[in-house]
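The values are calculated or read from the model by the stated rules, or taken from the named source; none is laboratory data. Quantities reported herein were computed from a predicted structural model and do not represent experimental measurements. All Cβ positions, even for glycine, are placed from backbone atoms using ideal geometry, and neighbour counts span all protein chains on display.
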Amino acid sequence: MTELIPQKTAITYPGDLLGKENEPWGLYHMIGLEGGETREQVKQKTRELKAQYHPDRKHGDSTAFKTIQQVENILTDTGGELEEEHSQKAEYDEWSKLNEFFESSSETLEDITSQVLQKRKTQRRKAQMEQKLEEIDQRQGTNYYEQYQEIDQRNVESLEEKIENDIQKHTLLAEAFNTQIDIEELKDEVTNFYEEKRSQTQELMSDLQNKHSRQKYKDELWDITSYGNITFTKDRNPEVRLAEANYDGETIQATVAENNTFKLPQNVHCKVPEGDVTIEDPDLKGTIQVLDGDIKVKLDTGILDTKPIIKAKATEIETGHTYEHSHDDIYVPTGQEPTENPDIQLMTLNGTITLQEQNRLDTNTFSKGYNKKLGNNQNKIDKYLSNKKY
């Protein structure tokens, strides 16, 4: 059994324990469990430990006893009226599962584990607030909860509608909780917040649409969050719709929705909560993290002298005859020497990684059928073949 290490700082919430010094399932390990056990198993274990470390016993330890109780409170929490999905145990278990699978490639950039946890916390706070609104309605005979739901579920499209919607939401909550707000100050604050985001996004989009100005972003690190399918290509025309973006001089942070095709980035840190990723650019470097979706590497191997070495992690990895498993999670192109430093790191928790080639058609065979069509002009034929794939 792992010995319990008395904690001098009180544990008040899983979020307090999610620093780098904490390993996945750390709370379970503190009380001698493997991780992911049921609430009943946790209670049985903590009951034994509390009896062992009780302050009234001869060799008791009040600090250890308090720590055991705090761990028990978290790992047996049911969420109460907020239900299981908002329980502290569910949140901590999900964090442990994701943090165990996804390897962070950056000390400064947020990874997909942090994004999922932040979303859960936001949902939990919202559920708590809605519960309080329902309690106020029951006491006072008001309908704040219904009004809030109507505002929250509106389909707003323009920035002006978004600003007005947020102001109405804040005003309603201030009235429900009997707090004072300055409407004009609130309006300025909300407007400035969204206007700044729109200005940054429009400026970056304008640069990307200009083939000359967009080159300055080519070698920068792209920190992309995609809510939809995303393709990294080298040949096709890009189709990028930035929902939000900003550039700090070193890193481009971009959020994209729907389906997008990127041509520019060479170095990426890409997170995809739900969607598929296709990689056609052999020069792409960095990390791809997908929660729910597939990753496909489709390279035109016929024109590559050296193919990228890939670190791939998934429940299922399909390699065909293009790549072979070298060691650990490293996949090396057939015929190339293995290396410890992969060019790109691919991870999908609930999906498949496919490493495949996309060869060009045989030039001699293909050109015969197009000699007549292209007027027997060899330059035209070569140009056509250089852009034709199957």
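At-a-glance table
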read-out: Tally of residues being under 22 Å from Arg214 (Cβ atoms) and of a type in the set (Ser, Thr, Tyr) across the range 266-293; value: 1
read-out: The range 46-98, subset acidic (Asp, Glu) and more than 30 Å from Gln115 (Cβ to Cβ), residue surrounded by the fewest Cβ atoms within 10 Å (Cβ to Cβ); value: Asp56
read-out: Out of Lys285, Lys311, Lys216, sole residue that is farther than 24 Å from Glu340 by Cα and of a type outside the set (Gly, Ala, Ser); value: Lys216
read-out: Odd one out for Arg154, checked against (1) outside any helix (DSSP H, G or I); (2) surrounded by 12 or more Cβ atoms within 10 Å (Cβ to Cβ); (3) at pLDDT below 90; value: (3)
read-out: Evaluation of Lys211 against (1) assigned to a helix (DSSP H, G or I); (2) free of Cβ contacts under 8 Å to residues at least 12 places away in the same chain; (3) of a type in the set (Lys, Arg) (one fails), failing number; value: (1)
read-out: Verdict on Ile303 being among the hydrophobic types (A, V, I, L, M, F, W, C) and modelled with pLDDT of 85 or more; value: no
read-out: Search result, residues across the range 74-88 that are over 21 Å from the mean Cα position of the chain (by Cα) and either in the same structural domain as Leu117 (by TED's automatic domain parsing) or not in a loop (DSSP other than H, G, I, E, B) (or both); value: Ile74, Leu75, Gly80, Glu81, Leu82, Glu84
read-out: Test: residue in the range 119-128 that is part of a helix (DSSP H, G or I), in contact (Cβ under 8 Å) with a residue 60 or more places away in the chain and closer than 30 Å to Asp328 by Cα; value: no
read-out: Extreme residue, modelled with the lowest pLDDT, among residues of the range 17-32 that are under 16 Å from Leu117 (Cβ atoms) and assigned to a helix (DSSP H, G or I); value: Leu17
read-out: Qualifying residues in the range 262-272 (those that are within 12 Å of Thr231 (Cβ to Cβ) and modelled with pLDDT under 90) - the one surrounded by the fewest Cβ atoms within 10 Å (Cβ to Cβ); value: Lys263
read-out: Unique match (being in a loop (DSSP other than H, G, I, E, B), of a type outside the set (Val, Ile, Thr) and assigned by TED's automatic domain parsing to the domain that holds Gly351) among Leu264, Leu291; value: Leu264
read-out: Per-region count, the range 309-324, residues surrounded by 11 or more Cβ atoms within 10 Å (Cβ to Cβ), at pLDDT below 90 and not hydroxyl-bearing (Ser, Thr, Tyr); value: 2
read-out: Selection count where residues are in a helix (DSSP H, G or I) and in contact (Cβ under 8 Å) with a residue 24 or more places away in the chain, scope the range 91-118; value: 15
read-out: Subset of the range 175-192 (residues that are surrounded by 12 or more Cβ atoms within 10 Å (Cβ to Cβ) and assigned to a helix (DSSP H, G or I)); value: Glu175, Ala176, Leu186, Lys187, Glu189, Val190, Thr191
read-out: From the options Ser87, Ser104, Ser96, residue that is modelled with pLDDT under 85 and hydroxyl-bearing (Ser, Thr, Tyr); value: Ser104
read-out: Of all residues in the range 225-248 being surrounded by 13 or more Cβ atoms within 10 Å (Cβ to Cβ) and within 21 Å of Phe193 (Cα to Cα), the one that is farthest from the chain's Cα centre (by Cα); value: Tyr247
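Every residue, every condition in (1) under 19 Å from Leu27 (Cα atoms); (2) out of contact with any helix residue (DSSP H, G or I) (no Cβ under 9 Å at 6 or more places or on another chain); (3) polar (S, T, N, Q), yes or no:
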{"site": "Glu81", "(1), (2), (3)": "no, no, no"}
{"site": "Glu84", "(1), (2), (3)": "yes, no, no"}
{"site": "Asp93", "(1), (2), (3)": "yes, no, no"}
{"site": "Asn99", "(1), (2), (3)": "yes, no, yes"}
{"site": "Glu103", "(1), (2), (3)": "no, yes, no"}
{"site": "Thr108", "(1), (2), (3)": "no, yes, yes"}
{"site": "Ile112", "(1), (2), (3)": "no, no, no"}
{"site": "Gln118", "(1), (2), (3)": "no, yes, yes"}
{"site": "Lys121", "(1), (2), (3)": "yes, no, no"}
